[in-house]
Amino acid sequence: LDRVLPGAIILAMWAVLLILSAIYMGALDSPAPGGSGWRRLWKGLGLVLLLYGAMLMIGAATGGSDPLRPLQAFSVPTGGRTVGSAARSGPLPFQRISGLDGLHQALATARAEGKSAMLDFYAKWCISCKELAKYTFSNPRVHQALAGMALIQADVTPWNEQNKKLTHAFGLLGPPAILFFGPDGKERRNYRIIGYIDAAKFRAHIERFRAHIGQASR
């Protein structure tokens with residue numbers, strides 16, 4: 001669904017499903033006198049679903065798309081930052097490529113310059129990709145750790161034959177995925193990242209990769 005519908009619509013659909021399930025479980029029914037413990041447990045679970053469904057609906061109404069952070073729009077800013085978030089340095093300067101030919105050209109350029117490379121698989125319908133961009137790739141320490149590397153991004157938003165071939169060439173089902181290549185242009189498969197990773201863990205991962213290939217961050 002996330003490939004054809006906006007994230008907020010999908011969030012609203014989940015909200016409706018949870019709210020209807022909660023009503024079916026008796027979340028809005030008056031407690032029956034002398035009801036069994038199982039009945040009370042069933043109603044309690046229904047109330048939890050009802051509350052979470054309401055949170056998802058509010059999140060969808062405010063343009064949210066993350067079911068794990070439905071009320072993110074209401075985060076309290078403090079001094080230009082959101083509570084609990086790190087300072088941000090803006091997006092990474094990715095080179096966008098299309099298809100296998102575009103990737104081969106980008107890797108050839110990096111190889112000629114003696115650079116290692118990072119390839120990020122991204123799509124507009126991918127929620128985890130958006131989280132990576134907002135919380136991980138914007139971190140200044142991540143920027144520092146990636147200094148001197150070729151940063152390549154494959155936007156596979158249109159799921160066409162070209163993007164399918166590129167994705168399947170690496171045995172991937174889809175984004176998010178982050179691949180690392182040495183200065184020789186060959187992927188170091190042991191350093192692949194599939195799914196979301198926070199900034200601190202990602203920075204440590206980059207440092208391990210650069211130590212492996214003998215290139216310290218500049």
Give the residue, chosen from ILE178, ILE127, that is among the β-branched types (Val, Ile, Thr) and modelled with pLDDT of 95 or more. ILE178
Enumeration of residues in the range 155-186 that are without any contact (Cβ under 8 Å) to a residue 40 or more places away in the chain and closer than 16 Å to PHE209 by Cα: LYS186
Quick one: LYS130 ticks every box in (1) in a helix (DSSP H, G or I); (2) touching an Asp or Glu at 6+ places or on another chain (Cβ under 9 Å); (3) within 15 Å of HIS205 (Cβ to Cβ) except a single one, so which number is it? (3)
So which residues in the range 96-117 are closer than 15 Å to LEU151 by Cβ and either in contact with a Leu (Cβ under 6 Å, 6 or more places away or on another chain) or buried (at least 20 other Cβ atoms within 10 Å of the Cβ) (or both), if there are any at all? ILE97, LEU103, ALA106, LEU107, ALA110, SER116, ALA117
Counting only helices (runs of 4 or more DSSP H) entirely within the range 134-218, those with at least 1 residues that are under 26 Å from GLY64 (Cβ atoms) and aliphatic (A, V, I, L, M) are 140-145, 199-213
If ILE194 meets every condition in (1) buried (at least 16 other Cβ atoms within 10 Å of the Cβ); (2) touching a strand residue (DSSP E or B) at 6+ places or on another chain (Cβ under 7 Å) apart from one, which number is that one? (1)
PHE121 vs (1) at pLDDT 95 or above; (2) over 15 Å from ILE178 (Cβ atoms): all pass except (2)
Answer residue from the range 94-118, given it is free of Cβ contacts under 8 Å to residues at least 60 places away in the same chain and of a type in the set (D, E, K, R) and is farthest from LEU179 (Cα to Cα) among those: GLU113
Restricting attention to the range 201-212, which residues are in contact (Cβ under 8 Å) with a residue 24 or more places away in the chain and over 15 Å from CYS129 (Cβ atoms)? ARG203, ILE206, GLU207, PHE209, ARG210, HIS212
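The values are calculated or read from the model by the stated rules, or taken from the named source; none is laboratory data. These numbers were taken from a predicted model, which means no experiment stands behind them. Every residue, glycine as well, gets a Cβ built from its backbone with ideal geometry; the counts of neighbours run over all protein chains shown.
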